[in-house]
Amino acid sequence: MSATGAQPLVLGIETSCDETGVALVRGHDLLVDAVASSVDEHARFGGIIPEIASRAHLEAMVPTIERALATADVSLGEVDAIAVTAGPGLVGPLTVGASAAKALALALDKPLYGVNHVIGHAVVDELVDGPFPERVMALVVSGGHSSLLLLDDTVHVTELGSTLDDAAGEAFDKVGRLLGLPYPGGPHIDRLARDGDPHAIRFPRGLTAPKDQARHAADFSFSGLKTAVARWVEARQDAGEEIPLHDVAASFAEAVADVLTAKTIAACHAHGVRTLVVGGGFSANSQLRDMAAKRCAEAGVELRIPPIRYCTDNGAMIAALGSAVVRRGLPPSPLDLPVDSSMPLTQVLV
């Protein structure tokens, strides 16, 4: 608790990939969310280059922190705690953020909290729609993760399922390259799909066959779907036929959204959960949002999806999770906290 008796003021730093995010959160209130992105520097490579991302974080860190403080009209001395992404993510970028957070914590003599990036994608919704109920189902979908998590009291996490190969966002980027679309492919496929027929092509739904349900009821697989799209496109090209990009995009997006939402609603029923939060970069996908809204309404499940600005990586999600951890009195991380590129999703705090 701060000296004034108000909720603690938490500074959050996010550097897991190509966005440098800095935010200030007090309780469930977001004061500022400042982001500097290096995505344009990676576009010509068709993916994120860790060395480029790390250097961009180094250049952006101090200016982004200063911009956040100035916008919120607070000083570093008013900050009560520092939260930083400890993982998962790229080791180089994670190390830059952790080093900055450690320096601030040491200089200010404030507690340091190394938190989980993926869980932050869900908890950021507390800044938008208010505190979570006691138990929440979280579907976190991004370029690197497609995870189904059960959250008790926000900070106690059970991993119910995950992707066995490609994550949803990763599959979209790969199909985007296959269709000759710019990187990242997700937004371009989303736009094409809005003018296509989602039922034009029946692409496979991974891990939905009865034989897969016993072992993989809450797991996802999109590698086979990606291969099916590639084979369909190649067959049309070999025949000298035009590729109906809008229909391919719509049918592919429909298959992904169908699997994600069907398995998630089934998990909500299996665990008696009445609230679902969807987060992560891929939660910006319009097909997923529309299908989740429809199926949640039919199933009597409350759906919470943060605005698109909070779906991509940002400091607000880290400050929100840091705030949740601080309010529950969990012990801070050591100043020599390590970063972990494959941090378990059941580990909220280092």
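The values are calculated or read from the model by the stated rules, or taken from the named source; none is laboratory data. Just so it is clear, the model here is predicted, and its values are computed rather than measured. In this analysis, Cβ positions are derived from the backbone assuming ideal geometry, glycine residues included, and neighbour counts consider all displayed protein chains. What goes into the accessible areas is simple: the full protein's heavy atoms, side chains included, and nothing from ligands, DNA or RNA. Shrake-Rupley method; radii C 1.70, N 1.55, O 1.52, S 1.80 Å.
Numbers at a glance
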item	result
Breaking point among (1) under 15 Å from S162 (Cα atoms); (2) over 20 Å from the mean Cα position of the chain (by Cα), for E241	(1)
Every residue from region 339-350 that is open to solvent by 40 Å² or more (accessible area, probe 1.4 Å) and farther than 9 Å from G87 by Cα	T346, Q347, V350
Sole exception among (1) touching a Pro at 6+ places or on another chain (Cβ under 7 Å); (2) crowded, with 23+ Cβ neighbours inside 10 Å for N285, by number	(1)
Residues that are modelled with pLDDT of 95 or more and open to solvent by 20 Å² or more (accessible area, probe 1.4 Å), drawn from region 182-195	H188, R191, L192, R194, D195
Qualifying positions in region 162-191 - of a type outside the set (G, A, S) and over 23 Å from the mean Cα position of the chain (by Cα)	L178, L179
Members of region 319-337 found to be closer than 16 Å to P8 by Cβ and either open to solvent by 60 Å² or more (accessible area, probe 1.4 Å) or assigned to a loop (DSSP other than H, G, I, E, B) (or both), listed by number	R327, R328, G329, L330, P331, P332
Contacts under 6 angstrom Cβ, first residue in region 280-304 being acidic (D, E), partner crowded, with 16+ Cβ neighbours inside 10 Å and assigned to a strand (DSSP E or B), 6 or more apart	E302/T275
Any hit, region 48-64, residues being surrounded by fewer than 22 Cβ atoms within 10 Å (Cβ to Cβ), touching a Phe, Trp or Tyr at 6+ places or on another chain (Cβ under 7 Å) and within 28 Å of G185 (Cβ to Cβ)	no
Residue within region 34-47 that is outside the structural domain of G180 (by the TED database), in contact (Cβ under 8 Å) with a residue 24 or more places away in the chain and surrounded by 23 or more Cβ atoms within 10 Å (Cβ to Cβ) present	yes
Counted residues, region 89-110 - those being touching a strand residue (DSSP E or B) at 6+ places or on another chain (Cβ under 8 Å), in contact (Cβ under 8 Å) with a residue 60 or more places away in the chain and open to solvent by 10 Å² or more (accessible area, probe 1.4 Å)	3
Some residue of region 326-349 being in contact with an Asp or Glu (Cβ under 7 Å, 6 or more places away or on another chain), among the polar types (S, T, N, Q) and in the same structural domain as P184 (by the TED database)	no
Of the criteria (1) in contact with a helix residue (DSSP H, G or I) (Cβ under 9 Å, 6 or more places away or on another chain); (2) over 26 Å from A262 (Cα atoms), which one L151 fails	(2)
Failed condition for R215, given (1) more than 30 Å from S323 (Cβ to Cβ); (2) open to solvent by less than 50 Å² (accessible area, probe 1.4 Å); (3) part of a helix (DSSP H, G or I)	(2)
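Listed here are the residues, each with its yes/no results for (1) buried (at least 19 other Cβ atoms within 10 Å of the Cβ); (2) at pLDDT below 95; (3) farther than 23 Å from A200 by Cβ; (4) not aliphatic (A, V, I, L, M).
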residue: V229; (1), (2), (3), (4): yes, no, no, no
residue: D258; (1), (2), (3), (4): no, no, no, yes
residue: A270; (1), (2), (3), (4): no, no, yes, no
residue: A297; (1), (2), (3), (4): no, no, yes, no
residue: E302; (1), (2), (3), (4): no, no, yes, yes
residue: I305; (1), (2), (3), (4): yes, no, yes, no
residue: I308; (1), (2), (3), (4): no, yes, yes, no
residue: M317; (1), (2), (3), (4): yes, no, yes, no
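Conditions tested, residue by residue: (1) part of a loop (DSSP other than H, G, I, E, B); (2) polar (S, T, N, Q); (3) open to solvent by 20 Å² or more (accessible area, probe 1.4 Å).
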residue	(1), (2), (3)
V136	no, no, no
G143	yes, no, yes
L148	no, no, no
L151	no, no, no
D166	yes, no, no
A171	no, no, no
V175	no, no, no
G180	yes, no, yes
